[in-house]
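The values are calculated or read from the model by the stated rules, or taken from the named source; none is laboratory data. All values derive from a computational prediction rather than experimental measurement. Neighbour counts run over all protein chains shown; Cβ positions are idealised from the backbone, glycine included.
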Amino acid sequence: SSGMVIVGAGEAGVRAGFALREQGYQGTVTLIGDEPHLPYERPPLSKTGAEAESVRPIVAEARFAEAGITLFRGRKVTAIDTAGHTLALGDGDSLPYERLLLATGASPRRLPGLECGTRVHVLRTVEQAAAIREVMRHGRHLAILGGGFIGLELAAMGRALGATVTLIEVQPRVLMRGVPEPLALALQTRHQAEGVNIICGVGIETITENDTLVSIALADGRRIAADALVVGIGAEPNTMLAAGAGLALENGIAVDDRLRTSDPDIFAAGDCCSYPVAVYGGRRVRLESWRNAQEQGNVAAANMLGKAEAFDAVPWFWSDQYDLTLQVAGLSDGATATVSRSVSTEAEILFHLDADGRLLAASGLGPGGAVARDIRLAEMLVARRAHPDPSALADPSVKLK
Ligand code: FAD
């Protein structure tokens, strides 16, 4: 038979391929990726440390064959014929499918009119990471546009490799999206202490590149001249295929709570799709997070096999900068109150509650694994739609359990 086909051999696609087997599927499984490499982990690409130096495969190559998963590398799917249940590949081949999973991920947002040349970079792939690390060595000056996770992690990596780093954020502070102000400011202060020059709340007038420098003219008249610039201003879902097939889109490929698209035989998972978050009454979001890609890969596989599994995970994200780890469980939008709990002198958890006292989210910042346990417990409270006593949350001597 034509079997199960997965487009996109990243975190979500690889997990779904193995999950099909774990759940007993015996037909053919084909995983198609347009990158030349064995599927690899993206988080290390922006993290300081040894892992960032080489490609870290998601699973060892031999496991694909062992699981009977056919992996196509370096091959792009260019169109879906939904009526004929067939995919077109860039090299002219076609491939039939019984059920299809779109796990196409996202691509870095670009600045309109700014080409990525030799001195302007974005970060999503292992090649782009290698090019950026090359600039960071030899004490050169790296400018970073965007104080999001990738920009901040790269700033820390740049300092570790001995670069001069200037980070420009047009918003009034870093991490405006998804991270509460006290934790964002704590991180910002740490970056400054590590020697990162952070400029917030100033617009960009022009960016120009010549043979030796990239020059960023700021709206307040300042000019930053750097050896290279990384543009880290977010990512856009890869929806070309879905759009060409006429699938419903809404900030990504729109799926329902079983990760089905508007075509009954096509599913989507990971960074490319938006889905209704059960724990917030079905509010639709698109997440760019490693664990979300994994969990959606698992649930999509179950539903491709005709099971009726609702996706109900609580959103979760982490970021590593210097020796600090930030973790966020849940979405704090709509929170009206924040309760702080000190885990230690260096580690803090913030709980975000709505007007009814329901715990919507928790975010924590601290060295190493200091906040992991409390965030894990908070995540369970969010999943249970709990209304915990705020004074108990604030008191470190009261166990969250
Ligand atoms: P991807 O991993 O992007 O995989 C999609 C794949 O599909 C890609 O290989 C793409 O080339 C391929 N593809 C697209 N279209 C086609 C086509 N038509 N034909 C064939 N192949 C196609 N998350 C965290 O939670 N914590 C972190 O600390 C963290 N750090 C990160 C650091 C970096 C530098 C980056 C880039 C991401 C980070 N993330 C982090 C996010 C996390 O890596 C993503 O959420 C995750 O990779 C999403 O998996 P995915 O399978 O949806 O997409």
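Some observations on this one:
- When segment 9-53 is filtered for residues that are within 27 Å of LEU326 (Cβ to Cβ), in a loop (DSSP other than H, G, I, E, B) and touching a residue at least 24 places away in the same chain (Cβ under 8 Å), the ones remaining, listed by number, are GLY10, PRO39, GLU41, ARG42, LYS47, THR48.
- Condition met for ALA156 (surrounded by 22 or more Cβ atoms within 10 Å (Cβ to Cβ), assigned to a helix (DSSP H, G or I) and modelled with pLDDT of 95 or more): yes
- Listed by position, the strands (runs of 3 or more DSSP E) enclosed by segment 211-313 that each have at least 3 residues that are closer than 30 Å to VAL165 by Cβ and without any contact (Cβ under 8 Å) to a residue 60 or more places away in the chain are 214-218.
- First in segment 163-180 and free of Cβ contacts under 8 Å to residues at least 40 places away in the same chain and in a loop (DSSP other than H, G, I, E, B), second anywhere and of a type in the set (Ser, Thr, Tyr) and surrounded by fewer than 17 Cβ atoms within 10 Å (Cβ to Cβ), Cβ under 9 Å, 6 or more apart: none
- Out of ASP312, ASP323, ASP333, sole residue that is away from the ligand (no atom under 14 Å from the Cβ), closer than 21 Å to GLY151 by Cβ and surrounded by fewer than 22 Cβ atoms within 10 Å (Cβ to Cβ): ASP323
- Listed by first and then second residue, the pairs linking a residue in segment 386-401 that is under 14 Å from ASP374 (Cβ atoms) to a residue that is at pLDDT 95 or above and exposed (fewer than 12 other Cβ atoms within 10 Å of the Cβ), with Cβ atoms under 8 Å apart and 6 or more places separating them unless they lie on different chains, form an empty list.
- From the options GLY84, GLY92, GLY139, residue that is more than 9 Å from the ligand (Cβ to nearest atom), within 30 Å of GLY306 (Cβ to Cβ) and assigned to a loop (DSSP other than H, G, I, E, B): GLY84
- Across segment 47-60, the number of residues qualifying as modelled with pLDDT of 95 or more and within 11 Å of the ligand (Cβ to nearest atom) comes to 1.
- Residues satisfying the stated conditions in segment 276-296, i.e. within 12 Å of the ligand (Cβ to nearest atom) and either aromatic (Phe, Trp, Tyr) or out of contact with any Cys (no Cβ under 7 Å at 6 or more places or on another chain) (or both): LEU287, GLU288, SER289, TRP290, ARG291, ASN292, ALA293, GLN294, GLU295, GLN296
- Total residues in segment 97-113 satisfying the condition of being away from the ligand (no atom under 15 Å from the Cβ) and within 12 Å of THR30 (Cα to Cα): the figure is 2.
- Selection within segment 275-327: residues that are in contact with a Pro (Cβ under 8 Å, 6 or more places away or on another chain) and among the hydrophobic types (A, V, I, L, M, F, W, C). The member of this set that is farthest from ALA103 (Cα to Cα) is LEU324.
- Residue tally, condition under 18 Å from GLY148 (Cβ atoms), out of contact with any helix residue (DSSP H, G or I) (no Cβ under 7 Å at 6 or more places or on another chain) and assigned to a helix (DSSP H, G or I), over segment 183-210: 8
- Of all the numbered requirements in (1) crowded, with 22+ Cβ neighbours inside 10 Å; (2) among the polar types (S, T, N, Q); (3) within 13 Å of the ligand (Cβ to nearest atom), THR261 misses one, and that requirement is (3).
- Check on ASP356, closer than 30 Å to PRO44 by Cβ and either of a type outside the set (A, V, I, L, M, F, W, C) or not assigned by TED's automatic domain parsing to the domain that holds ARG42 (or both): no
- Of everything listed in (1) farther than 20 Å from ARG177 by Cβ; (2) touching a strand residue (DSSP E or B) at 6+ places or on another chain (Cβ under 7 Å); (3) of a type in the set (S, T, N, Q), the single unmet condition for SER397 is (2).
- Being in contact (Cβ under 8 Å) with a residue 60 or more places away in the chain, outside the structural domain of THR189 (by TED's automatic domain parsing) and crowded, with 16+ Cβ neighbours inside 10 Å is a property that holds for LEU365.
One line per residue, one yes/no per condition, for (1) more than 22 Å from the chain's Cα centre (by Cα); (2) exposed (fewer than 15 other Cβ atoms within 10 Å of the Cβ):
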site	(1), (2)
ILE58	no, no
VAL77	yes, no
SER94	yes, yes
PRO108	no, no
LEU123	no, no
GLN128	no, no
ARG133	no, no
MET136	yes, no
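Each row is one residue, and each column tells you yes or no for (1) more than 16 Å from VAL14 (Cβ to Cβ); (2) at pLDDT below 95; (3) more than 18 Å from the chain's Cα centre (by Cα); (4) surrounded by fewer than 19 Cβ atoms within 10 Å (Cβ to Cβ).
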{"position": "ASP256", "(1), (2), (3), (4)": "yes, no, yes, yes"}
{"position": "ALA269", "(1), (2), (3), (4)": "no, no, no, no"}
{"position": "ARG286", "(1), (2), (3), (4)": "yes, no, no, no"}
{"position": "GLN294", "(1), (2), (3), (4)": "no, no, no, no"}
